[in-house]
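What follows draws every value from the coordinates through simple rules; no lab data is involved. The model shown is predicted, which means the values in this text are computed figures rather than measured ones. In this analysis, Cβ positions are derived from the backbone assuming ideal geometry, glycine residues included, and neighbour counts consider all displayed protein chains.
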Amino acid sequence: MAYKIKWGIMGLGKIAHKLASDLQLSSYAELYGVASRDEQKAKDFGAKHNAAKCYGSYEELTDDPEVDVIYIATPHVFHFENAMLCLKNGKHVLGEKPMGMNAKQVEAMIAEAKSRNLFLMEGIWTRFIPATEKLIELLNQKIIGDILFVRADFGFTSPFNPEGRLYNKKLGGGALLDIGIYPIYFSLLTLGIPTRIQASARMTPTGVDSYCAMLFDYANKTQALLDCTLEADTPTEAYIYGSKGHIKIHNRFHHPEKLSLYRNKELVQEIEIKHSGFGYLHEIEEVNHCIKNNLIESPKLPHAMSSNLVSVMDQVRREIGLVYDSD
Ligand SMILES: NC(=O)c1ccc[n+]([C@@H]2O[C@H](COP(=O)([O-])OP(=O)(O)OC[C@H]3O[C@@H](n4cnc5c(N)ncnc54)[C@H](OP(=O)(O)O)[C@@H]3O)[C@@H](O)[C@H]2O)c1
């Protein structure tokens, strides 16, 4: 039987459970080891998801010579130190978004991965969702002509909890870094790098953004209008308007299963493409493919995309006056 890539998971919270579940669907990977700061939690997680090794510290996972790649699923502020620990111990890395807290961290992570010839990718699973692949194909065919502007929002209601990951500044809280990253990624994917960034936000008593509105301008006069919030259940859809029509990317646009194509206000085509499992299988397979082929970055989600993403988020943060300890 062909060798299966041995995966480790670091930080066993909500998203780790979903990725562990999707890992079971891959023919090219096995969930080998899991690591928590709490050994019993690791054992419970490992039993549920069939992991061979369950560690009570992150270091034990990175010390295990059997581990090929580690998925980092800790709060944002720890991504940098966790990824550096993995890379320095010779492990490939799939790191949850945002890759780091700021451009300085992300550039250091990329440099470390390159210097050690290790694979590093940010967990922007959107890129690998089959409906996103279809969208890219349609845009390349210029099915809606030249793009004029893009709109995308991401919002859900999360009750204010000053200690929780989403509102606690010490854990990298705020809407922008947690979910605003998706509309921004969408704008980079469809329009590229903006030349002008305007943003405005409402801040919580903990000093992070609970709502952030953004307007990006581009050299070719296109624009992107984006927003994100932790205070309301907004549609979480994306729209691309072109000279010959528009495409709606249905809720939730960051892992869509439906696209609608319109011309002159008329719906002309609906495209439904299911993703597998919770939707993480597609990024898992990309990681497997890249590692098997000795690639240190994904051609579909290259290091440059993570650099651009964090650089745009840094600029938005300057506009809204959001500073973290890591800055
Ligand atoms: N791609 C996606 O769709 C998606 C969705 C949700 C979240 N995420 C990303 O995944 C990351 C984790 O999100 P989550 O919702 O899974 O968070 P979560 O449920 O709070 O889990 C985070 C885990 O990190 C570990 N951790 C280490 N130090 C910690 C500390 N000081 N405080 C709290 N936890 C600590 C804990 O694991 P141990 O106790 O086991 O050490 C905890 O269970 C975030 O960066 C987020 O952006 C991505």
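Placing one equal scatterer on every Cα of the stretch 130-274 and applying the Debye formula, the log10 ratio I(q)/I(0) at q = 0.19, 0.21 Å⁻¹ is -1.07, -1.22.
Output the antiparallel fraction of DSSP beta bridges having both residues in the chain, as a percent to the nearest 5. Mind dumping the intermediate values first?
Details: 36 of 63 bridges.
Percentage antiparallel, nearest 5: 55.
Counted residue by residue at 0.36 nm each, then reduced by the alpha carbon distance between them, the extension gain from N220 to N50 reaches 56.1 nm. Between helix 103-115 and the chain, what is the angle of the helix's C-alpha long axis to the longest principal axis, kept within 0 to 90° and rounded to the nearest 10? That works out to roughly 50 degrees.
Note on S57/K4: beta-carbon distance plugged into 1/(1 + (r/R0)^6) with R0 of 25 Å gives a FRET efficiency of 0.50. Per-residue extension of 0.36 nm, minus the Cα-Cα distance of N293 and S276, leaves a gain of 3.8 nm for this segment. Exposure here means at most 15 other Cβ atoms within 10 Å; with GluC sites (Glu not before Pro) in a DSSP loop as sites, the longest stretch of the chain lacking them is 164-327. Semi-axes of the equivalent ellipsoid of the stretch 1-73 are 18, 14, 10 Å, computed as sqrt(5λ) over the eigenvalues of the C-alpha gyration tensor in descending order. Relative contact order for the chain: 19 percent, from Cα pairs under 8 Å spaced at least 6 residues apart, divided by residue count.
Any idea what diffusion coefficient the stretch 220-311 gets from Stokes-Einstein, in µm²/s, Kirkwood Rh on alpha carbon pairs, 20 °C, 1.002 mPa s?
Working: Rh = 16.2 Å.
Rounded to a whole number, D works out at 132 µm²/s.
Put simply, the Cα atoms of the chain extend 57, 49, 37 Å along their principal axes, the longest span coming first. Against the chain, whose longest principal axis comes from its Cα atoms, helix 181-191 is set at around 60 degrees. Each DSSP beta bridge with both residues in the stretch 130-274 is either parallel or antiparallel, and the antiparallel ones are about 85%.
Provide the gained length on full extension for the span S243 to D327, in nm with one decimal, where the gain is 0.36 nm per separating residue minus the Cα-Cα distance.
Details: separation 84, 0.36 × 84 = 30.24 nm, distance 4.13 nm.
Between S243 and D327, full extension yields an extra 26.1 nm.
In the chain, the DSSP-assigned H stretches of four residues or longer account for a calculated mean residue ellipticity at 222 nm of -9500 deg cm²/dmol, using -39500 (n - 2.57) per stretch and the full residue count as denominator. Legend: distances between Cα atoms for K221/K258; K18/K274; K97/K142; pairs beyond 24 Å are K221/K258; K97/K142.
Using a simple spin-label model with pseudo-atoms 7 Å out from Cα toward Cβ, R318 and K258 lie 4.1 nm apart. Computed from Cα atoms, the angle from the helix 39-49 axis to the main principal axis of the chain rounds to 70 degrees. Listed by chain and number, the aspartates and glutamates whose alpha-carbon sits under 15 Å from that of K114, ignoring those within fewer than 8 places in the same chain, are E122, E297. What spacing in nm lies between the two simple spin-label points modelled at E133 and K104, each 7 Å away from Cα in the Cβ direction? Between E133 and K104, the simple spin-label model gives 4.0 nm.
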